[in-house]
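Please read the structure below before turning to the comments.
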Amino acid sequence: SRSLTLQSLALFAALALCCISMASAFSHPPAPALRPASLGLASRGASVRRASFGLNMQEGKHPLHGAIDKVVNDNKIILFMKGNKDFPQCGFSNTAVQVLKTCGAEFETVNVLENENIRQGIKMYSNWPTIPQLYIGGEFIGGADIMIEMYENGEMRELVEKTMAE
């Protein structure tokens, strides 16, 4: 599984290098740094959030869409984050890692700080403006705030256990 992930990430990096020359594809400004609470989601449950902010690629695909899709679907649990699970480089990413570790998840990470194209591409892939982003069983779950809520109500542990058993 680890070598498959490394192969996927190598493909990911190769595609990123190919796309650098496509300057027009990256001319859009970065998405604003919004937090889920600022989107008016604090009163809704995590299940509703997942449904509301699932994959929405109607507006167009990022050049790395195929590579991101492969990484998401080749790993049962994957976290796109700042840093990696051994050295998170932001508080929200650290929180996400701690939630997954507390639930006993076996998961992989992609460090979005290593490549701006990946960082912007994952935001377009999920239609979600912030990092970290968790995918379980190929489904976009959400960021740190949603992960905390799911952990607190028991949904996260249940989802992790179910996915790892499959």
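The values are calculated or read from the model by the stated rules, or taken from the named source; none is laboratory data. Worth saying up front: this structure is predicted, and the values here are computed from it rather than measured. Every residue, glycine among them, receives a Cβ derived from its backbone with ideal geometry; neighbour counts consider all protein chains shown. All accessible areas refer to the heavy atoms of the entire protein, side chains included, with ligands and DNA or RNA removed. Shrake-Rupley method; radii C 1.70, N 1.55, O 1.52, S 1.80 Å.
Looking at the range 120-137, which of its residues are open to solvent by 20 Å² or more (accessible area, probe 1.4 Å) and either under 17 Å from E155 (Cβ atoms) or free of Cβ contacts under 8 Å to residues at least 24 places away in the same chain (or both)?
Once the filter is applied, which keeps residues that are open to solvent by 20 Å² or more (accessible area, probe 1.4 Å) and either under 17 Å from E155 (Cβ atoms) or free of Cβ contacts under 8 Å to residues at least 24 places away in the same chain (or both), the range 120-137 yields only G137.
Let me spell it out: the conditions are (1) modelled with pLDDT of 95 or more; (2) under 18 Å from N84 (Cβ atoms), and F140 meets all of them except one. Which number is the exception?
Unmet for F140, out of (1) modelled with pLDDT of 95 or more; (2) under 18 Å from N84 (Cβ atoms): (2).
Looking only at the range 140-161, which residues are open to solvent by 60 Å² or more (accessible area, probe 1.4 Å) and in contact with a Phe, Trp or Tyr (Cβ under 8 Å, 6 or more places away or on another chain)?
R157
So A105 fits all but one of (1) buried (at least 19 other Cβ atoms within 10 Å of the Cβ); (2) at pLDDT 95 or above; (3) part of a helix (DSSP H, G or I); what number is the exception?
That leaves (3) as the condition not met.
With the condition kept exactly as written, say whether any residue in the range 40-47 is modelled with pLDDT of 95 or more and hydroxyl-bearing (S, T, Y). I'd like the intermediate steps shown before the answer.
Residues of the range 40-47 modelled with pLDDT of 95 or more: none.
Scanning the range 40-47 turns up no residue that is modelled with pLDDT of 95 or more and hydroxyl-bearing (S, T, Y).
Which members of the range 120-130 meet the condition of being part of a loop (DSSP other than H, G, I, E, B) and either closer than 20 Å to D74 by Cβ or out of contact with any Lys or Arg (no Cβ under 8 Å at 6 or more places or on another chain) (or both)? Break it down stepwise before answering.
Let us first name the residues in the range 120-130 that are part of a loop (DSSP other than H, G, I, E, B), namely 127-130.
Those that are part of a loop (DSSP other than H, G, I, E, B) and either closer than 20 Å to D74 by Cβ or out of contact with any Lys or Arg (no Cβ under 8 Å at 6 or more places or on another chain) (or both): N127, W128.
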